[in-house]
1. Mean separation of Cα pairs under 8 Å and 6+ residues apart, divided by the residue count of the stretch 12-86: what relative contact order is that in percent?
2. With a 10 Å Cβ neighbour count serving as the proxy for reagent exposure, in which order, fewest first, do Phe59, Phe364, Phe258 appear?
3. Note down the Stokes-Einstein diffusion coefficient of the stretch 1-61 in µm²/s, whole number, using a Kirkwood radius over alpha carbon pairs, 37 °C, and 0.692 mPa s.
4. What residues qualify as long-range amide H neighbours of Thr151, i.e. H under 5 Å apart, gap of 5 or more or another chain, H built at 1.01 Å from N?
5. For Cα pairs less than 8 Å apart in space and 6+ apart in sequence, what is the mean separation divided by the residue count of the stretch 177-258, i.e. the relative contact order in percent?
6. Quick one: if you take sqrt(5λ) for each eigenvalue of the C-alpha gyration tensor of the stretch 299-359, what semi-axes come out, biggest first, whole angstrom?
7. Test of understanding: ordering Leu303, Leu526, Leu394 by Cβ neighbours within 10 Å, fewest first, what list do you get?
8. Using square roots of five times the C-alpha gyration tensor eigenvalues, list the equivalent-ellipsoid semi-axes of the stretch 467-508 in whole Å, biggest first.
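Each reported figure results from applying straightforward, stated rules to the coordinates on display, with no laboratory input. These numbers come from a predicted model, not from an experiment. Cβ atoms come from the backbone with ideal geometry, glycine included; neighbour counts cover every protein chain shown.
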Amino acid sequence: MEIKTDVLIIGSGIAGLFAALRISEYADVVLITKKEKNESNTNYAQGGIASVIDPTDSFEKHIKDTLIAGAGLCHKDTVDIIVKEGPARINDLIELGTQFTRKNGKLDLAREGGHSMPRIVHAKDLTGREVERALIEQVTSKSNVRLIENTIAIDLITEHNVQQLKDSPLKNRNCWGAYALNCKTNELIKISSRATILATGGVGQVYLHTTNPQIATGDGFAMAYRAGAKIGNMEFIQFHPTAFYSNSQGGNFNAPSFLISEAVRGFGGILRTMDGSEFMSKYDPRKELAPRDIVARAIDNELKKRGDDHVFLDITHKNKEDILEHFPNIYNNCLKSGIDISKEYIPVVPSAHFCCGGVVVDEFSRTSLKGLYACGEVSMTGVHGANRLASNSLLEGVVFAERASINIKEFINKFSGAIPEIPDWDDSGTLSHDEKVLITHSAREVKQVMWDYVGIVRSNMRLQRAEQRIHNIFVETEELYRRTKVFEDILELRNIVACSHIIIKSAKKRKESRGLHYTLDYPNMLPDNKLKDTILKNYNP
Ligand code: FAD
Ligand code: SIN
């Protein structure tokens, strides 16, 4: 099947949906998403969206908090953008129907780690679900947005897909859409577009333990890398300090860990080792409200020192009504696992949560390929530097979706060159898959290797081992991919292998410890004059 459109958007989280709405004001949009329309990291966001709303708060304070968390690597210009455009985008979300929690008619502002002020706009502890609900309602009411569910993008279309243009240099490459697969019907679709937005979210599923749902297999990073786009700072994987600890994943090694929001620590939650002792005061004067990299490393250190498999988060000193009022979702989820959080400590461990790097973009979400934009978690705007400040991600997604839509209007108006004839997907000579075990085994191995060797604490030896293991899996996976008809699991395996390779390669390039990248071989930060983003340019597993 072939679809032609003005703008193709891949992904239906906050970034893809908001961009679709804006672009529908001037052009036709096709939005593909690989599962049901609301399935995304956005849908599980709990804490909220950081923004300067309170009159006693200021842009300067939010900017300063973001720069401190980012450990010297944030791009100041893009931090300025998200902070200063934040309040207007929060207003847009409200006008689009999002119901944020209010107190006496005013937005209720929560506090989270690394923030010097309460500034987190939220909808109880289900902020993402409410944002998705409102945006999907709007998007599905637009007659010029065609939202196609259960359809996974396979690869971006660029010169390398067109025989006579195959050898054109990377510098001048265009993106003209993507090949996709309808996972229900197995139909292959060629979607050509004048502009394409990657809004595919994160990569948590590269790790054995993650807060991210199963869609987060890093498809956007991998597709962009294969197409030759610049990718940066992928060593900075954020581990959320407090995911609910369970010694089983219900038999499914892809099942996400349930998040215990940072807002619980903002609410007064205290971290304790298994013997009940508070420990954060040994690590940072901000204690539980220190930025995530510090809290996650402190927990990791306590677990290693004591040989325990989890720590506790304690809010039993808080009033039960207040707990239920602020955290109904967390309360009920813990209760399902037998823990009444108003009376018992919550067992928690760090879990892979967010990718601070991504497809390098400018201040209008433009990647290094003409016609290809990226926004949301898949992009690297420079906002997060070496460690993201809590609740800055939804903010970045909505601010940069708006900016992409402004630029795309100009881009498609000026678009002069015709899109060349794009060949159909060629699967001649391939066979249907009949040994799924090959894929599940490799996926499990990738996730275990990344968890053991490329986690919170790294070393040259661990990275070297991980590189070798992932390379072997890469060779096997590519061989399988070449001889098999495409289906979702092989595409996702191929993408987590590519992302693992990119993360390891970036981690090896950084010869220092900074923010979320901590290595035993280089425990100190380099002086600021040697500070650089780690940008990868060539597809080279
Ligand atoms: P997503 O919301 O992840 O959407 C990506 C979309 O792309 C999905 O629809 C997916 O199905 C689709 N997709 C992916 N690959 C393909 C493909 N190949 N083809 C087609 N479709 C594809 N951040 C905050 O700021 N505040 C919070 O309170 C907060 N809480 C969080 C809680 C949890 C449990 C998690 C996991 C994350 C949280 N985050 C939070 C981070 C934040 O939710 C994400 O960074 C953000 O939602 C990313 O939005 P996005 O639009 O970029 O991607
Ligand atoms: C949380 O609620 O702790 C998640 C917030 C975030 O990831 O920014």
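1. 27
2. The order, fewest Cβ neighbours first, is Phe59, Phe364, Phe258.
3. The calculation lands on 233 µm²/s.
4. Thr33, Lys34, Lys35, Cys183
5. On the way: 88 pairs, mean separation 18.8, N = 82.
Value for the stretch 177-258: 23 percent.
6. For the stretch 299-359, the semi-axes come out at 25, 18, 10 Å.
7. Ordered by Cβ neighbours within 10 Å, fewest first: Leu526, Leu303, Leu394.
8. Working: eigenvalues 86, 24, 6 Å².
Three semi-axes, in Å: 21, 11, 5.
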